[in-house]
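I have a structure I would like to understand better, so I am pasting it below and will then ask my questions one at a time.
The values are calculated or read from the model by the stated rules, or taken from the named source; none is laboratory data. Fair warning: this is a prediction, and the values are worked out from it, not measured in the lab. Reconstructed Cβ throughout: ideal geometry from the backbone, glycine too, with neighbour counts over all protein chains shown.
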Amino acid sequence: MTEPTPHRPPHPSVYLVLFLPFGATFGYVSVTLAYMLTKAGASVAQVAGLVALSLLPNTWKFLWAPLADTTLTPKIWYRLSVAVTVLGFLAFAVMPYTVALLPVFGVVVFAMNATSTFSAMSVERLMAYDTPPSQKGRAGGWAQAGNVGGGGLGGGLGLWIAQHASQAWLPGVSLALLSLICMFGLRGLSDPVREAVGGYLTVLKQAAQDVWSLLIRRLGLLAAVLVLLPLGTGAASNLWAAFAGDWGASADQVALIGGVLSGAVSIVGSVAGGYLCDRMDRKLGYILFALATAAAAVAMAVGPRTAVAFIVFATIYNLTVGFVYGGFSAVALEAIGKGAAATKYNMLASLSNVPILVMTLLDGWAQTRFGSGGMLILEAAVGVAAAGVFALIVWTTRGLTWRGVFGGGRVAAAGQA
């Protein structure tokens with residue numbers, strides 16, 4: 001009798017493809033809608049509110065994440081979620097960019113981003129089960145590359161088409177088709193077998209126990225604290241389209257920064273950040289990447305106000321944000337283990353989106369009060385302060401030496417404290 005062929009994990013680049021629709025939903029809001037509505041007369045604060053509304057479901061998605069762990073299968077959830085994403089893009093295709101429709105845009109944005117969380121949850125569950133411990137960083141890096149790369153496509157491609165196509169419906173239809181194509185990334189992946197058995201309530205109880213076991217371990221608790229702090233939020237990039245005029249950037253240049261160029265450098269940063277986190281303490285990597293983002297914000301604030309400078313500094317900033325996103329997934333995958341993977345990952349992801357939402361609103365307020373330079377300086381200062389707070393927390397709970405602050409070995413098993 002022939003031995004069954006052992007299952008080989010897929011190349012992590014498949015997660016890039018599967019994450020594109022999730023990233024594209026946010027990218028369309030933060031770049032295409034932001035730029036077009038600003039040109040139509042919306043203020044930076046109004047645009048920041050719309051962007052924050054698109055982030056809001058991501059701060060609460062852990063509440064419905066157990067559904068992804070306990071019902072249907074990851075592949076079915078993914079297909080259903082992407083189908084709603086497609087409908088959302090088609091709705092944008094028939095809506096004119098006018099300030100009067102801001103409330104309607106808000107409803108569509110919220111609904112679309114809320115349902116798109118299930119596509120991300122599905123991929124996270126597949127990823128948690130199919131990735132060896134030594135490759136958590138690179139898998140997370142490729143997944144976040146799809147997230148930020150999708151943001152670049154949804155934003156930059158959408159804006160470029162909106163500026164150059166005579167048919168106003170073309171941006172939404174193009175992104176709807178792109179989202180449908182991404183479903184082919186599911187081929188070759190296997191749905192994980194549920195570890196918990198029994199009825200629905202039994203499985204939910206198992207998920208709750210798994211989440212609790214994450215929080216009572218030091219590794220899981222530190223991961224939760226780390227992602228809740230306003231470190232490397234990349235909030236300024238959510239508002240490029242709204243304040244690019246201060247650098248004299250044109251619509252095509254904004255589309256470049258929010259699209260192809262942003263997607264390319266963010267993908268490089270995410271993948272590289274994930275690989276680096278497999279070779280060092282992952283929490284330390286996350287903090288170093290966040291401090292690099294703060295440095296990029298300061299450089300942009302004090303640099304020249306020209307269109308070329310905007311492209312250069314925004315590109316550097318986007319690159320560092322890509323590193324942070326790759327670092328986040330590495331930290332999260334290290335901490336969650338397997339059981340109730342979607343619930344635990346999305347608990348950490350929900351926490352991480354709270355500071356992004358808050359900093360986006362704070363950036364919108366600061367830009368109105370202090371100008372774009374003051375906004376960038378404030379964001380950097382908050383990030384540096386948060387890094388100091390986390391270092392102090394780890395220092396007081398583990399030891400007084402620098403090695404004690406960030407020690408812990410190259411790869412820590414999820415079951416270890």
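Could you tell me whether any residue of segment 50-67 is of a type in the set (Phe, Trp, Tyr) and surrounded by fewer than 19 Cβ atoms within 10 Å (Cβ to Cβ)?
Scanning segment 50-67, I find at least one residue that is of a type in the set (Phe, Trp, Tyr) and surrounded by fewer than 19 Cβ atoms within 10 Å (Cβ to Cβ), so the answer is yes.
Could you identify the single residue in GLY27, GLY140, GLY106 that is surrounded by 24 or more Cβ atoms within 10 Å (Cβ to Cβ) and modelled with pLDDT of 85 or more?
Only one candidate passes the filter, namely GLY27.
Give the residue, chosen from ALA241, ALA224, that is at pLDDT below 85 and either over 20 Å from GLY140 (Cβ atoms) or among the polar types (S, T, N, Q) (or both).
On inspection, the qualifying residue turns out to be ALA241.
Can you confirm whether segment 64-81 contains a residue that is more than 13 Å from the chain's Cα centre (by Cα), on the phi > 0 side of the Ramachandran plot and not in a helix (DSSP H, G or I)?
Yes; the residues of segment 64-81 include at least one that is more than 13 Å from the chain's Cα centre (by Cα), on the phi > 0 side of the Ramachandran plot and not in a helix (DSSP H, G or I).
Which of the residues that make up segment 152-193 are of a type in the set (Val, Ile, Thr), touching a residue at least 60 places away in the same chain (Cβ under 8 Å) and under 14 Å from TYR78 (Cβ atoms)?
Answer for segment 152-193, where residues must be of a type in the set (Val, Ile, Thr), touching a residue at least 60 places away in the same chain (Cβ under 8 Å) and under 14 Å from TYR78 (Cβ atoms): there is none.
Rundown of residues vs (1) outside any helix (DSSP H, G or I); (2) under 23 Å from GLY220 (Cβ atoms), yes/no style:
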position: ALA272; (1), (2): no, no
position: MET280; (1), (2): yes, yes
position: ILE287; (1), (2): no, yes
position: ALA297; (1), (2): no, no
position: VAL324; (1), (2): no, yes
position: ALA330; (1), (2): no, yes
position: SER350; (1), (2): no, yes
position: PRO355; (1), (2): no, yes
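List pairs: first in segment 363-384 and closer than 18 Å to ARG305 by Cβ, second β-branched (Val, Ile, Thr) and surrounded by 15 or more Cβ atoms within 10 Å (Cβ to Cβ), Cβ under 6 Å, 6+ apart or cross-chain?
GLN367/VAL44; ALA380/VAL298
Another question about this same structure. Considering only segment 255-264, state which residues are buried (at least 24 other Cβ atoms within 10 Å of the Cβ) and over 15 Å from the mean Cα position of the chain (by Cα).
Correct list: ALA255, ILE257, GLY259.
Can you go through TYR35, TYR78 and tell me which one is among the aromatic types (Phe, Trp, Tyr) and at pLDDT 85 or above?
TYR78
Does ALA314 count as touching a helix residue (DSSP H, G or I) at 6+ places or on another chain (Cβ under 8 Å), in a helix (DSSP H, G or I) and small (Gly, Ala, Ser)?
So ALA314 fits the description; yes.
I would also like to ask the following. Can you find a residue that is modelled with pLDDT of 75 or more and over 21 Å from VAL29 (Cβ atoms) anywhere in segment 199-209?
Step one: list which residues in segment 199-209 are modelled with pLDDT of 75 or more, which gives none.
No, that holds for no residue.
Are any residues in segment 283-299 crowded, with 23+ Cβ neighbours inside 10 Å, more than 17 Å from SER266 (Cβ to Cβ) and among the β-branched types (Val, Ile, Thr), and if so, which ones?
ILE287
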